[in-house]
Amino acid sequence: MVKTGHDHLQSLRDGRSVYIDSQKVEDVTVHHAFRNSVASACGLYDYQSSPDNLERMTFESPTSGKRVNRLWQLPRTRAELIERRRALEAWAETTCGMIGRSPDHVGSSLAAMYMGRKIFQQYNPARAKALADYFEYARDNDLYLSYVIINPQADRSKTTSDQPGGDLVARIVDEDTQGITIRGAKMLGTSTIFANELMVSGFMGLQAGEEDFAFTAMVPMSARGLKVFSRKSYEAAAPSTFDNPLASRFDENDAVIYFDDVKIPWERVLVHRDVQMAQAQWYDTRAHVYQNYQCQVRLMVKLRFLAGIARRIAEINGIINYPAVRETLGLLAAKIQGVEGMVIAMEAAGEQFGEYFLPNRAMVAASQAISQQIYPEVIETLRTLAGGGLIMLPSRAEDFHNPEFARIIEKTQRSSIVSPQERVKFFKLAWDAIGSEFGSRHHQYEIFYSGPTFVTRGHAFKAFDWDGAKGLVASLMDSYDLPAAQSGTAVAAE
């Protein structure tokens, strides 16, 4: 009565069209570019179905009676919000926070849309019913959802409808009594390799006349005409788990998704040709808040993991007792705990949204803006602590099995607290986290997944209580005035 890793593995063998290295992939669950990461995604469901974790990770669906992940939980109190967060946190710990588009991300978006379904009802009752029905279907089947909501980069100076070339941005090209047909591309397609279904939507503001682009729909990954064009696989490039312990198992993949006249039935269309609703679905329903709250929970875990790497670098290199190093680690700890404190604050200052209790939107916006700055600083701190130790490593694990190489490794990879093999093992992990192609991709991802800084800082600007802040200033200024002139102090104007 609960989804397992085996269940998810079987669901991915659905005939989806995935392309990499100029070839079509017959089965993503066994292909060398994806199989280990697929296993990690399936591991999330094995974790939740373990008897030891079942109560913490799942709850009983009110419509099916099956136990499903707490990502689908609709909290009505702060205690229920925290209960849900602890499940998300535990899931993130299984991958060290390295799978950013885990099921709880887009699932959170859909859940918040459902909690704000009155907004959909006001817009279009038929679309509101489609949303409610689809949410219950996704929850009862514990689906792994991903989304594509960004347009391919082309000419940023032009509007969506004025982009160069034909069929660049996914749009509605036809509709009938059965549904809509879409054609064009979307990105980034993160974790679509592991997903059951895909939300196709938009995040950028649209203008009157661009109604063909103003839609949101749910599409099975096996839909006819849906094509996934994967970037290079970091998993496939990893010689072994020893050499790339993260890339070999947690490469969530990114891809361009092309919709080659994909037909979508009306019961899966949540927004239809409405420019205003295309934005309201994210902001008026709190979907933007809930999904980015999940991001901060996941990032909180990831930063703890990076803090562990930083501390271990200092210990292995014998510099942990240097005052300057302790100062550096102290500042690092303060930044990381700042993010954790923001997550707690989001909950403590949460708000009622109808019958539901959701994180504080101003706190979420603030944490997003700050995190974009903190993550590069954390990576730079790790690089500084490690120095040349990150790059002066044996080429691959096989070097230990060559007697001549092993003899030199034994002499040159030294530490007072670990063996040469353990030192190499650790620094290969550190490099994979912050310097390899996998690590560099994460650096880029953490800065830009929520949008450029002017966007996230714009959200923080809009969400902040400026009236309250100005009120403090006004209150103080109202408490005093220009003093009256004292006798004999007036100065005549010349």
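On the given criteria, is T412 in the same structural domain as A460 (by TED's automatic domain parsing), surrounded by fewer than 19 Cβ atoms within 10 Å (Cβ to Cβ), hydroxyl-bearing (S, T, Y) and touching a residue at least 24 places away in the same chain (Cβ under 8 Å)?
Against the criterion (in the same structural domain as A460 (by TED's automatic domain parsing), surrounded by fewer than 19 Cβ atoms within 10 Å (Cβ to Cβ), hydroxyl-bearing (S, T, Y) and touching a residue at least 24 places away in the same chain (Cβ under 8 Å)), T412 does not qualify.
In this structure, does V271 turn out to be under 20 Å from R457 (Cβ atoms) and either of a type in the set (A, V, I, L, M) or surrounded by 15 or more Cβ atoms within 10 Å (Cβ to Cβ) (or both)?
No; evaluated as a whole, the condition is false for this residue.
Across the range 315-329, what is the number of residues that are touching a residue at least 12 places away in the same chain (Cβ under 8 Å) and either at positive phi or loosely packed, with under 14 Cβ neighbours inside 10 Å (or both)?
Result for the range 315-329: 1.
Being part of a helix (DSSP H, G or I) and modelled with pLDDT under 95 is the filter here, so list the residues in the range 347-366 that pass it.
Correct list: R361, A362, M363, V364, A365, A366.
Okay, residues lined up against (1) in the same structural domain as G435 (by TED's automatic domain parsing); (2) surrounded by 22 or more Cβ atoms within 10 Å (Cβ to Cβ); (3) in a helix (DSSP H, G or I); (4) touching a Leu at 6+ places or on another chain (Cβ under 8 Å):
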position	(1), (2), (3), (4)
E267	no, no, yes, no
A278	no, yes, yes, yes
Q291	yes, yes, yes, no
Q294	yes, yes, yes, yes
I313	yes, yes, yes, yes
L331	yes, no, yes, no
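Can you find even one residue in the range 177-184 that is out of contact with any strand residue (DSSP E or B) (no Cβ under 7 Å at 6 or more places or on another chain), over 24 Å from S450 (Cβ atoms) and not assigned by TED's automatic domain parsing to the domain that holds F438?
Yes, the range 177-184 contains at least one residue that is out of contact with any strand residue (DSSP E or B) (no Cβ under 7 Å at 6 or more places or on another chain), over 24 Å from S450 (Cβ atoms) and not assigned by TED's automatic domain parsing to the domain that holds F438.
Working only within the range 196-211, note down all residues that are crowded, with 19+ Cβ neighbours inside 10 Å and outside any loop (DSSP other than H, G, I, E, B).
If the condition is that a residue be crowded, with 19+ Cβ neighbours inside 10 Å and outside any loop (DSSP other than H, G, I, E, B), then E197, L198, M199, V200 are the ones that fit.
For L358, indicate whether it is of a type in the set (A, V, I, L, M, F, W, C) and more than 27 Å from A314 (Cα to Cα).
Against the criterion (of a type in the set (A, V, I, L, M, F, W, C) and more than 27 Å from A314 (Cα to Cα)), L358 qualifies.
Could you tell me which of the residues R76, R139, R127, R86 is in a helix (DSSP H, G or I), surrounded by fewer than 18 Cβ atoms within 10 Å (Cβ to Cβ) and not polar (S, T, N, Q)?
R86
Report, by residue number, each residue of the range 151-178 that is within 16 Å of K227 (Cα to Cα) and either modelled with pLDDT under 70 or part of a strand (DSSP E or B) (or both).
The answer is V169, R171.
In the range 20-30, is there at least one residue being crowded, with 18+ Cβ neighbours inside 10 Å and not β-branched (V, I, T)?
Scanning the range 20-30, I find no residue that is crowded, with 18+ Cβ neighbours inside 10 Å and not β-branched (V, I, T), so the answer is no.
The values are calculated or read from the model by the stated rules, or taken from the named source; none is laboratory data. A quick note: this is a predicted structure, and the numbers were derived from the prediction, not measured. For neighbour counting, all protein chains shown are included, and Cβ atoms are generated from backbone atoms with ideal geometry for every residue, glycine included.
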